[in-house]
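Working notes for the structure below.
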Amino acid sequence: MNIITTIEEMQQAAVSLKREGKTIALVPTMGFLHEGHASLLREGRRQGDILVLSIFVNPIQFGQNEDLGRYPRDMERDCRVAAECGADIVFTPDAAGMYPAGFQTSVAVADLSLPLCGASRPGHFDGVATVVTKLFNICQPDVALFGAKDYQQLAVIRRMTRDLNLPVRIVGMPIVREQDGLAMSSRNSYLSLEQRRSALRLSRAIRLVRELYGAGTRDVASLRRAALELIEAEPALTVDYLDFRDGATLELRDTADDATLMALAVKVGNTRLIDNTVLGEELQPCRELC
Ligand code: AMP
């Protein structure tokens, strides 16, 4: 496994691999890898001749009062996980290389970036779209894999790729959960034992809504009320948003159907957690929630 830290070396490697006729699969991450990232890497291993993992804590997608400075990092462990998952290249550029003095260009996906996390984190998705465009240009992937854990991010990237005719196939992968239902996240490492117990209510609210939907409830106000009651009964949790939206356009819905996305962001202490489900889709892997 080759660890590449400069943009020039990565771009040259990608160009010569492409010249040899190799296909490249890219898994962009911010590191501190967990089983969710590993699922993307394993699928990437199947989908490309060369598997590239990028690890870059992207400063421009963090707001002023967010956790950029304390975002968890463990490069040694990440490289071990990457090797186990069959990565050929780990690309870890630094911020000064990615955003040199004078940098002033950004990619913005208009409507899909506005609601949900875009409303709570202004500019976040411009930062994401910009860094993913750069990573695509540097790593030249044929296919790039993203998790549905960040549902809105996946929607923004799919739209951007289509709108800009980027020659990359976008693959979305299901949310990987802990045994007890908590969606895996690098940010779970911030949680105390007690906070982690409280955080279980996110996935419990998802399970409850899916049960109510399965039993025939279609009225979004009722589904939303049930989910909010469950979450707000735990004083350690503060709901940022809990929305039911069209899974494709992200427009608000008042009647649920199989394509309806339930998405929520909840703060536990200083930690902001997100989770989601599409009501008509299977939970995968769902052993912990079923
Ligand atoms: P991050 O390192 O948090 O930026 O995530 C990198 C990629 O891994 C993104 O495409 C995420 O959606 C994906 N990812 C993060 N957590 C999970 C999870 N629990 N299940 C599936 N994919 C995930």
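The values are calculated or read from the model by the stated rules, or taken from the named source; none is laboratory data. Please read these numbers as outputs of a predicted model, since none were measured by experiment. Counting neighbours? That spans all protein chains shown, and the Cβs are built from the backbone with ideal geometry, glycine included. SASA here: full protein model, heavy atoms, side chains in, ligands and nucleic acids out. Shrake-Rupley method; radii C 1.70, N 1.55, O 1.52, S 1.80 Å.
For beta carbons closer than 7 Å, sequence separation of 6+ or different chains, a first residue in the stretch 111-138 that is outside the structural domain of residue 27 (by TED's automatic domain parsing) and a second that is charged (D, E, K, R) and surrounded by fewer than 21 Cβ atoms within 10 Å (Cβ to Cβ), there are no qualifying pairs. Among the residues here, residue 180 does not qualify as on the phi < 0 side of the Ramachandran plot, surrounded by fewer than 19 Cβ atoms within 10 Å (Cβ to Cβ) and in the same structural domain as residue 23 (by TED's automatic domain parsing). Within the span defined as the stretch 216-228, one or more residues are crowded, with 18+ Cβ neighbours inside 10 Å and either within 16 Å of the ligand (Cβ to nearest atom) or not aliphatic (A, V, I, L, M) (or both). Look at residue 73 and say whether it is part of a helix (DSSP H, G or I), within 16 Å of the ligand (Cβ to nearest atom), over 21 Å from residue 166 (Cα atoms) and among the charged types (D, E, K, R). No: the conditions fail for residue 73.
If you go through the stretch 58-70 and keep only what is buried (at least 18 other Cβ atoms within 10 Å of the Cβ) and in a helix (DSSP H, G or I), you end up with just 61. Mind counting the residues in the stretch 260-287 that are modelled with pLDDT of 95 or more and open to solvent by 50 Å² or more (accessible area, probe 1.4 Å)? Qualifying residue count, the stretch 260-287: 4. Any idea which residue in the stretch 114-168 is most open to solvent (accessible area, probe 1.4 Å), counting only those that are assigned to a helix (DSSP H, G or I) and away from the ligand (no atom under 16 Å from the Cβ)? Step by step, filter the stretch 114-168, then rank; the result is 162. For residue 172, the conditions (1) away from the ligand (no atom under 12 Å from the Cβ); (2) not in a helix (DSSP H, G or I); (3) not polar (S, T, N, Q) all hold with the exception of (1).
Just the residues that are out of contact with any Leu (no Cβ under 8 Å at 6 or more places or on another chain) and within 16 Å of the ligand (Cβ to nearest atom), please, taken from the stretch 187-214.
189, 190, 191
Any residue in the stretch 89-106 that is of a type in the set (Ser, Thr, Tyr) and closer than 24 Å to residue 266 by Cβ?
Initially, the stretch 89-106 is screened for residues of a type in the set (Ser, Thr, Tyr), giving 92, 99, 105-106.
Keeping just the survivors that are closer than 24 Å to residue 266 by Cβ gives none.
Looking through the stretch 89-106, none of the residues is of a type in the set (Ser, Thr, Tyr) and closer than 24 Å to residue 266 by Cβ.
As for the stretch 9-20, it holds no residue that is within 30 Å of residue 272 (Cα to Cα) and without any contact (Cβ under 8 Å) to a residue 12 or more places away in the chain.
Residue 86 satisfies every condition listed in (1) more than 14 Å from residue 26 (Cα to Cα); (2) part of a loop (DSSP other than H, G, I, E, B) except (1). Mind checking which residues of the stretch 4-57 are in a helix (DSSP H, G or I), open to solvent by less than 20 Å² (accessible area, probe 1.4 Å) and more than 16 Å from the ligand (Cβ to nearest atom)? Scanning the stretch 4-57 gives 10, 14.
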